[in-house]
Each structure stands twice: as structure tokens, then as C-alpha cells.
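To start, the structure itself, in C-alpha cells.
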Amino acid sequence: MRRLVLVLFVVGTTGQFSAAEERPNVILFIADDVSWNDVGCYGNAAARTPYIDALASRGIRFDRAFLTASSCSPSRSSIITGRYPHNNGRAAELHKAISGHLPWFPELLRDAGYYTALSGKHHMKTTAPEAGPGARPRAFDHVDSGRTKDNTGGHANWVSVVQRRPRDRPFFFWFASFDAHRRWDADRQWDAERYGPVHSPDDVIVPPFLSDDPETRRDLASYYNEVTRFDFFVGSVVAELKQQGVLDNTLIYVMADNGRPFPRAKTRLHDSGMRTALVAHWPAGIVKIGPSPALVSAIDLAPTILSLADSEIPQTVQGTSMLPLLKNSADSIRRHVFSEHNWHDYEAHGRSVRTREFLLVKNFRPGLPWQGPADSVRSPSHQRLLQLRRKLALSAAQLDVFLTPRPELELYNMGDDLFQLTNLAEDPRYAAHRADLIDALDQWMEQTGDSVPARISPDTYHRETGARLVKSDIITTDVITPGEDRHADRVNHPGPF
């Protein structure tokens with residue numbers, strides 16, 4: 001009953017906002033490692049997300065929203081600069097810093113008079129010094145980890161940040177959870193009164209590239225628990241906004257930084273890794289509610305938010321504003337979405353381009369398997385696939401987790417192939433589509449200063465066990481990140497839209 005009351009409280013209109021011309025507040029909720037189809041409003045009846053679903057019912061559910069990287073810090077760094085990962089300098093790779101000369105959009109919001117706060121997972125840094133010549137302006141007035149002894153999910157302080165904000169300034173909040181990153185802590189911190197019952201392994205939806213067995217189902221159930229806990233705190237913030245009478249003029253985005261931390265998801269250029277749930281809720285500003293078929297990229301968030309704040313959009317931003325989709329009922333702002341995958345625990349270099357109908361993946365390290373990050377390799381789900389491989393019992397979808405060599409080109413019809421299991425790259429019926437997408441991808445790589453260095457970052461974990469390799473065995477001589485040799489962090493061209 002408590003959960004039902006909160007859902008009804010969240011979706012009700014306030015009737016308290018009377019100055020829609022004022023600059024809106026903005027909150028960006030970012031889940032960690034959650035695939036798009038593990039949210040209820042995107043068709044998953046097993047994963048409970050009533051509060052996000054409520055926002056979608058009164059806002060826009062973007063059905064073709066994509067990230068620039070399916071890797072935590074490159075994805076977040078891309079969002080905060082509005083640039084592709086290889087255009088952020090060494091931040092193209094996991095744990096690396098954004099080039100110091102590049103502005104972060106919350107800096108510009110602060111300059112425009114917004115109160116800015118980050119609570120939860122940060123995972124972004126800059127090469128600029130903290131003080132003195134060359135230092136970047138502060139991006140956030142307030143920063144905290146969002147963690148307490150009883151809640152390490154990153155969302156423990158979200159409501160208090162909203163409550164303690166200065167009331168005479170518009171605000172921007174970057175609320176980023178650690179849910180649903182492995183190692184599952186929601187299970188041992190579960191509060192049934194707040195979150196409801198834990199998910200049953202019997203109810204989870206097992207994708208075709210995983211093994212449908214008790215261990216994998218338990219693994220997925222724990223992951224679902226993390227998704228539901230994230231959802232609860234989204235709802236708690238929305239309820240507080242309503243209580244304060246500011247919900248109507250607050251633009252809320254809910255998304256994730258990359259796909260679920262399971263085989264053939266996180267770090268993949270396929271939808272299971274790169275497609276994100278993206279819900280927008282803004283009663284005072286959204287003209288037409290409901291699902292949107294528009295292609296949107298994560299780098300489109302920065303120019304959208306800056307435009308709403310009447311802040312100048314710097315030339316460094318490569319995204320395009322989503323305002324026509326929010327305020328003018330448009331159904332398109334771009335023809336293409338581009339994504340990339342670089343090192344994340346393992347050597348890799350892949351690029352992709354999407355239209356509404358097709359996905360093209362180009363693999364520049366085809367001799368290496370694409371099994372997922374080290375924490376996924378250590379998971380029960382991955383280890384179960386290894387057992388099936390030893391028995392020669394993998395299905396074609398499961399075998400793709402270990403496939404080597406990989407095809408250099410992959411082409412998928414998104415309308416007919418939800419999980420991208422049928423590669424059409426060599427099918428003559430799709431030759432024209434293949435040629436058009438190759439041209440678009442080549443043009444994007446050239447115009448944005450992308451590159452394929454001969455020596456890129458090597459594996460630092462074992463591909464079968466996920467164990468860390470001995471540091472002395474890792475050769476890093478002459479290693480550079482993609483685009484570094486072409487000074488891509490100084491290139492502002494967005495490539496084709």
C-alpha cells in the first residue's frame with residue numbers, strides 16, 4: 001500500500017506551477033549497468049520499475065536512444081561534455097581523464113546561475129589541475145558519494161540534496177546510482193517495506209545468449225533487485241519535488257550508462273550494451289507525451305539542457321538539441337547515431353552506426369573475442385556458459401560470446417532482429433544499406449579525428465577467469481588511445497547527423 005500511494009503521488013499533477021516561462025530545473029538520473037529492456041515501461045513485466053513507468057506515462061519514452069560507449073566512465077564523460085569518447089582525449093578508455101581544456105556542461109549551468117549537485121557515482125575526472133593556471137571551473141556546488149552504511153547504492157542522499165538546495169536558484173542535479181553494478185549489495189540491504197518483495201528467479205526473463213539455468217536465474221534476480229531499488233529512489237525524489245511544488249517545471253531524464261553486466265551486454269555495440277532506456281518528464285514543457293521513434297544520442301543531452309538554461313553552447317559540443325522533440329512534437333533530429341568501444345579490461349576497438357532500421361558494426365580487432373568486462377566474466381552467468389562450451393552445448397546466440405575470429409562487419413535489420421542474431425553483412429539483398437552505412441561510418445571517423453592505432457591498450461584481465469593479470473606481463477610500450485595520434489580532443493566536428 002505504501003508503494004501504491006507513492007506511485008499515485010508521483011503521477012498526479014500538482015497544479016502549483018504558474019510561471020512556465022521560468023528556466024526549468026533539471027535532474028539527470030543515471031543507473032549503472034542497466035539494459036534498456038530491463039525497465040518495465042520498455043516491455044519487461046518481470047523487473048519492477050513503477051516510478052520510472054509513471055514518469056514515462058506522463059512524459060516521453062524514447063524508443064531509439066543510444067549511448068556513445070557501453071563502458072562506465074567513457075559513457076559518463078561523453079554525456080557531461082556532449083562529445084564522442086575519442087574526442088574527449090584519453091577518456092575514450094575506462095578510468096581515464098577528460099582532456100583538461102574541454103568544458104563540462106554543469107560548469108556552464110553554474111555560470112548561468114544554476115545550483116548544481118552530484119550525488120552518487122562520479123567516475124569522471126579531468127587532466128586539468130585543481131587550481132591555478134589551466135584549472136577548470138567547478139562543475140558542481142555540491143558533491144557526495146550518495147552512500148551510507150545501510151545503503152551503498154549511491155542514492156541515499158538524493159532526497160536530502162533536493163531538500164537542502166537554495167530555493168532562490170534553479171537547480172541541476174546529477175543523480176547517479178551504483179545500482180546495478182556488480183557485486184550485488186541490494187540483496188543484503190533489502191528493505192521489503194520500501195522496495196517490495198525480492199525478485200524470484202522463476203520470474204526473470206533470460207535473453208537467448210545466456211543459459212536458462214538456476215544459477216543464471218538467481219544472478220538475474222539479484223540484478224533485477226538493483227534495478228528496482230534504483231527505481232524506488234527515483235520515485236522518492238519525484239515525490240519530494242511534488243511536495244515542494246516544483247515538479248511541473250523540472251525536466252527529469254532517466255537513463256543508464258551502459259547495458260547490464262552480463263555476457264553479450266555491457267561493452268557491446270549491440271542493443272544489449274548500447275541502447276538505453278531514456279524517459280523524459282516535464283509537465284510544463286513537453287508538448288506531446290507518449291513513445292518517441294526519434295533517434296537520439298547521449299551527447300544530445302548537454303546541448304538540450306544548456307539551451308533550456310539560456311546558456312551558450314560551446315563549440316566543443318558535438319551533440320544536437322532535443323528541444324524539437326520536447327517542445328515541438330518533432331519525430332526526428334538526426335538520421336544516424338554513432339557509438340564506439342575501446343579498452344574496458346580487454347583490448348578492443350569497434351565502431352557502429354545506426355539508423356532507425358539498421359545497425360552496422362565494424363570490428364577493428366576481429367581476432368579477439370568480445371565476451372564482456374572482467375566482472376561479467378567472473379559472474380555465475382558467464383561461468384555457466386563456459387561449462388556449456390566445454391560440453392559443446394552452446395546455442396548459436398550463446399556461442400557469439402566466445403566467437404573468434406569475429407566478422408569484420410556486422411549488419412542487422414533492427415525491425416526483424418531484436419537481439420541482433422542474424423548478420424546480414426554478406427546478404428546481397430542488403431548491399432545498398434551496407435554501402436550507405438559504411439560510407440556514413442567512414443565519414444564520421446574521418447571528420448571527428450578517430451583512428452585505429454597499431455598499438456592500443458592490451459588485456460589486463462584473463463579472458464576465461466576474469467582474474468587480474470600480473471602487471472609485469474602487460475606490455476604497454478607505444479600504446480595510444482584512439483584519436484590521440486590525430487589530436488581528436490581538439491576536433492569539434494560532429495560528423496554526419
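What follows is calculated from the coordinates using simple rules that are stated; it is not laboratory data. Please read these numbers as outputs of a predicted model, since none were measured by experiment. FYI the Cβ positions are ideal-geometry reconstructions off the backbone, even for glycines, and counts take in every protein chain you see.
Details
- A cut-off of 5 Å between modelled amide H atoms, ignoring neighbours fewer than 5 places along the same chain, links Leu118 with His142, Val143, Asp144, Trp174.
- 3J(HN,Hα) along the range 397-408: 5, 6, 4, 4, 4, 10, 4, 7, x, 8, x, 5 Hz, from the Karplus curve 6.51 cos²θ - 1.76 cosθ + 1.60 with θ = phi - 60°, whole Hz, x for Gly and Pro.
- Of the DSSP H helices in the chain, those that are both long (alpha-carbon extent of 30 Å or more along the helix axis) and hydrophobic (Kyte-Doolittle mean at least -1.0) are 214-244.
- For the range 310-322, backbone phi angles converted through the Karplus equation (6.51, -1.76, 1.60; θ = phi - 60°) give residue-by-residue couplings of 6, 9, 5, 8, x, 5, 5, 6, 9, x, 10, 5, 8 Hz, Gly and Pro being listed as x.
- Three-way shape label, the range 339-490, alpha-carbon gyration tensor, a/c 1.5: oblate
- Here the range 166-202 is scanned for amide nitrogen atoms under 18 Å from the site 7 Å beyond the Cα of Glu22 along Cα-to-Cβ, giving 166-173.
- The trypsin sites (Lys or Arg not before Pro) of the range 126-235 meeting both criteria, a DSSP state outside H, G, I, E and B (loop) and at most 15 other C-beta atoms within 10 angstrom of the site's C-beta, are Arg138, Lys149, Arg167, Arg183, Arg188.
- Shape analysis of the range 202-343 places it in the oblate category; the axes a ≥ b ≥ c from the Cα gyration tensor give an a/c of at least 1.5, with a/b not above b/c.
- Charge dipole (debye, nearest 20) of the chain; +1 at Cβ of Lys and Arg, -1 at Cβ of Asp and Glu: 640 debye
- Computed from label points 7 Å out along Cα-Cβ, the spacing between Phe364 and Leu399 is 2.9 nm.
- On full extension, the segment bounded by Glu408 and Arg183 gains 77.7 nm, given 0.36 nm per residue less the C-alpha separation.
- Here the spin labels are modelled as points 7 Å beyond Cα on the Cα-Cβ line, and at Leu421 and Ile205 they lie 1.4 nm apart.
- Projecting the Cα atoms of Leu359, Ala431, His462 onto the charge dipole of the range 339-490, computed from C-beta unit charges around the Cα centre, puts His462 farthest toward the positive end.
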